[in-house]
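**Student:** Structure provided below as structure tokens; questions to follow.
FYI, it's all coordinate maths here, none of it is from the lab. Since the structure is predicted, the reported quantities are computational estimates derived from the model, not experimental observations. No Cβ is skipped: glycine too gets one built from the backbone with ideal geometry, and neighbour counts run over all protein chains shown.
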Amino acid sequence: MRSMVEGARAVGHGFRALSNRNYRLFWFGQLVSVAGTWMQDTALALLVLHLTNSPLALGLTMTVRFTPALLFSLFGGVLADRLPKRATLIGTQSIQLAVALVLAVLTSTGAITVALIYALAALRGTVDAVDMHTRQAFIAEMVGTKDLPNAVALNSMQFNVARIVGPAIAAIVIGTVGTATCFYLNAASFMAVIGAYLAMRESQLSPAARAPREGMVRQVRQGLRYAVSTPDVLVILMVMAAIGTFGYNFQTMLPLLATYVLHSGATGLSLLLASMGIGSVVAGLVVAYRGKATLQLLLVAAAIFTGILFVVGLSRWQPVTAVLVFLMGVCGVLFMTTANTRLQLVVPGHMRGRVMGMYTLLFAGTTPIGSLLIWILAEKTGVPAMVMEMAGLCALGVLGGLWYARRTRNASLTPSAELAED
């Protein structure tokens, strides 16, 4: 009996952040919404390839979508530090609902074109430039610093459960009732997260002190100065720059592998995405129970992720590739959740939005660079060689981060308050 009680407590410990009502609403609302987004992204990638039969067109879709994050993330981070986060997120999610609905209507009426897909992708990316790091910084306001590592890990697990469910539903829906239905379902899924934000109890939030309304460029400079002068932050951002730009472009890379190497279409793509999602969920559970975000774990996970990515370029068999992608999911989430948690714990509240803006810039904002490089290399050297070349570029970033971490091993983790505010 005692062992059963202890076991139940251990299980509860891994999910302790869900005892917070506001975070629980957020987690389940996001689960529905992100599953809808993955469903749409899977259908959209296949739609673009169906309309064009071109890796270039798919790469451009990702480039157009993530270019706003490249251009505006640092300024979006300033807004995240200035504005009330819950109200901001309600606004951004409402706009995303409208974008998904327009895409659904255009597709179902046969009026969709690649040019219209690019236009909607650009609008979606502009909203994401504010939404993504506001959402990341909002987690600390819901759960506080004590449960922050657990909440970040559970958030990663939720994202990856959705990555399993969304593409699986997309494969069924596309095969039965068509692509447009995926887009309608995604539009409906935004109601779950908007409803969650509206149902939260504001009295139970712990909002960070807002940054003063000074010049945005000056506040961007403050954030950059803080990051450069804080070794623990800078080493994370260095490795993130490489992994985010060259390794994490799965929405471009996996459709190309499924279509041109494995020749498996929508079913094969869904299997790859689901395999990565399962691996990511496993890693999320490990981090949730382990509760530690060490620099050593971050660097080891990034190194193993890079090695597996190289081997993916050698594989020509669906089952082998699925296993490799599963392992990439494990290592990718260990790296991402460790990076996210360490940044949020080290960075003071009034700087958190700006530093998470840099995180978003390097994770998502560099996607246009990576996507363009992917289609250039895929066109010139072929898809398998492209994957191995991208792994080589990731390796350079990991080695650079390792060198810098060793060089600054004895440096202070945080700069003086005066330096951060100058």
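**Student:** What full-extension length gain, to one decimal in nm, is calculated for Leu224 and Ala385 as 0.36 nm per residue of separation minus the Cα-Cα distance?
**Tutor:** Contour length minus Cα-Cα distance gives 54.4 nm.
**Student:** Let me ask something additional. I need to check one value: relative contact order of the range 230-344, counting alpha carbon pairs closer than 8 Å and at least 6 residues apart, in percent.
**Tutor:** Over the range 230-344, the number comes to 35 percent.
**Student:** While we're here: Determine the shape class of the range 45-195: with a ≥ b ≥ c the square roots of the Cα gyration tensor eigenvalues, call it rounded for a/c under 1.5, and otherwise prolate if a/b is greater than b/c, oblate otherwise.
**Tutor:** prolate
**Student:** By how many nm would the segment from Ser19 to Ser94 lengthen if fully extended, with 0.36 nm per residue of separation less the alpha-carbon distance?
**Tutor:** 24.3 nm
**Student:** Report the extension gain between Ile376 and Ser264 in nm, rounded to one decimal, defined as 0.36 nm multiplied by the number of residues separating them, less their alpha carbon distance.
**Tutor:** Length gained, Ile376 through Ser264: 38.1 nm.
**Student:** Please give the net charge around Ser73, taking every other residue with its beta carbon less than 12 angstrom from that of Ser73, where Lys and Arg add +1 and Asp and Glu add -1.
**Tutor:** Neighbourhood net charge equals -1.
**Student:** If you look at just the Cα atoms of the range 130-232, how large are its Rg and its Dmax in Å?
**Tutor:** 18.8, 55
**Student:** Which value, in Å to one decimal place, does the Kirkwood hydrodynamic radius take for the chain when every pair of different Cα atoms is included?
**Tutor:** One over the average 1/r among Cα pairs gives 21.6 Å for the chain.
**Student:** Here is a follow-up. Under a 10 Å cutoff between Cα atoms, tell me which one of Met142, Met240, Met216 has the largest fluctuation in the Gaussian network model of the chain.
**Tutor:** Looking only at Met142, Met240, Met216, the biggest GNM fluctuation is shown by Met216.
**Student:** Something else now. Which number do you get for Rg(Cα) / (2.2 N^0.38 Å) in the range 1-134?
**Tutor:** 1.37
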